[in-house]
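Here is the structure we will look at, set down as structure tokens.
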Amino acid sequence: MSRQDINRSGEMEVFVSVVERGGFSAAATARRMTPSAVSKLVARMEVRLGARLVNRSTRKLQLTPEGCAFYERSIAILADIAEAERQASSGEEASGRIRINTSGSFGNHVLAPLVPAFMALHPAVTLDISHTDRIVDLMEERADVAIRAGPLKNSSLIARKLGATGKRIVASPDYLKRHGEPRTLADLRSHCRIGFSYARAVEGWPMREDGETVTVPITPGVQVADGEAMRHLALSGAGLARLATFTVRADIDAGRLMTVMEEANPGDIEEFHALYMGQGGPLPARVRALLDFLAGHVRL
């Protein structure tokens, strides 16, 4: 077979399926092929490339370093192909339902104000929005797009950056009147600090002290499962909360919440991304329209 006859994108799609589904049999089922055909295809790729891509065993399939690199590049190339086809297509109208999963804070303070403008642009689209701060499986939740904060893990999802936000420690005027305003890290440790009930990348509050960033552990008297619940507890005077700036901006401007320990704020930021599954072919017009709209209108 000549090099011109090789369907490289098709091979990449099969190889990506092997990696993401954990084996030849599962990939074969997904691609409507036989396991032996998938195995032979990967073997031919390895011969042509002159490198082993996977280590095979009876228990599991393990990528080699070359296989990892080829997998990452394959994902990027397949996404580029899908985008090229999208740009060459003849203006399919966005219609149908879009399932969006995001945190309560982002949903209430960023997404909700944008919904009317998006719906005016795309009247044939309907939105189904669910809120949770926990990480979700898009396929299991039947979500088209998930909007999440923080560092991204390696996955089969494609991420589109929407922006970044800083963090603020806030409390209600009533709480500060009753307990005093913390001015040092020692003061901070004596206050009630509202925490999250799920595991986070950094278990504590990063703070600046003597020119260095230190992490203040959180041993909260109150724990919550989402940022919006934490905001409401802070508004009620339950304690101090460290939240994304966009979550508390309106409360600070209205005097409902006050910032504290700003001189010790390390200036860390949290990036937000729209995550979607993009390796199975061109995106539906409705999902593409939402992603383009969010990328152009989200302001954190």
Looking across the range 198-211 at residues that are open to solvent by less than 70 Å² (accessible area, probe 1.4 Å) and at pLDDT 80 or above, the single one that is farthest from the chain's Cα centre (by Cα) is G211
With criteria (1) at pLDDT below 95; (2) part of a helix (DSSP H, G or I); (3) within 30 Å of Y175 (Cβ to Cβ), L300 comes up short on (2)
Going through the range 216-241 in order, the residues found to be at pLDDT 90 or above and either aromatic (F, W, Y) or farther than 18 Å from R134 by Cα (or both) are H232, L233, A234, L235, S236, G237, A238, G239, L240, A241
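Taking the range 45-78 as the search range and keeping residues that are in contact (Cβ under 8 Å) with a residue 24 or more places away in the chain and either farther than 26 Å from I158 by Cβ or among the polar types (S, T, N, Q) (or both), which one is least open to solvent (accessible area, probe 1.4 Å)? Before the answer, list the steps.
Initial filter on the range 45-78 (in contact (Cβ under 8 Å) with a residue 24 or more places away in the chain): 45, 48, 53-54, 60-61, 63, 67, 70-71, 74-75, 77-78.
Among the residues that remain, those that are also either farther than 26 Å from I158 by Cβ or among the polar types (S, T, N, Q) (or both) are: 48, 74.
Details: R48: 77, S74: 1 Å².
Filtering the range 45-78 for residues that are in contact (Cβ under 8 Å) with a residue 24 or more places away in the chain and either farther than 26 Å from I158 by Cβ or among the polar types (S, T, N, Q) (or both), the one least open to solvent (accessible area, probe 1.4 Å) comes out as S74.
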Taking the range 258-274 and keeping only residues that are closer than 17 Å to G104 by Cβ and either open to solvent by 20 Å² or more (accessible area, probe 1.4 Å) or part of a loop (DSSP other than H, G, I, E, B) (or both), one is left with E270
Here the qualifying pairs (Cβ atoms under 7 Å; residues six or more apart or on different chains; first in the range 203-225 and farther than 17 Å from E270 by Cβ; second among the hydroxyl-bearing types (S, T, Y)) come out as Q223/S197; V224/S197; A225/S197; A225/Y198
Exactly one of A234, A295, A250, A241 is among the aliphatic types (A, V, I, L, M), assigned to a strand (DSSP E or B) and not assigned by the TED database to the domain that holds R31, and that one is A241
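The values are calculated or read from the model by the stated rules, or taken from the named source; none is laboratory data. Predicted model, so just to flag it, every value in this text is computed and none were measured. FYI the Cβ positions are ideal-geometry reconstructions off the backbone, even for glycines, and counts take in every protein chain you see. The protein model used for the area step is the full one, side chains on, heavy atoms only, and it has no ligands, DNA or RNA in it. Shrake-Rupley method; radii C 1.70, N 1.55, O 1.52, S 1.80 Å.
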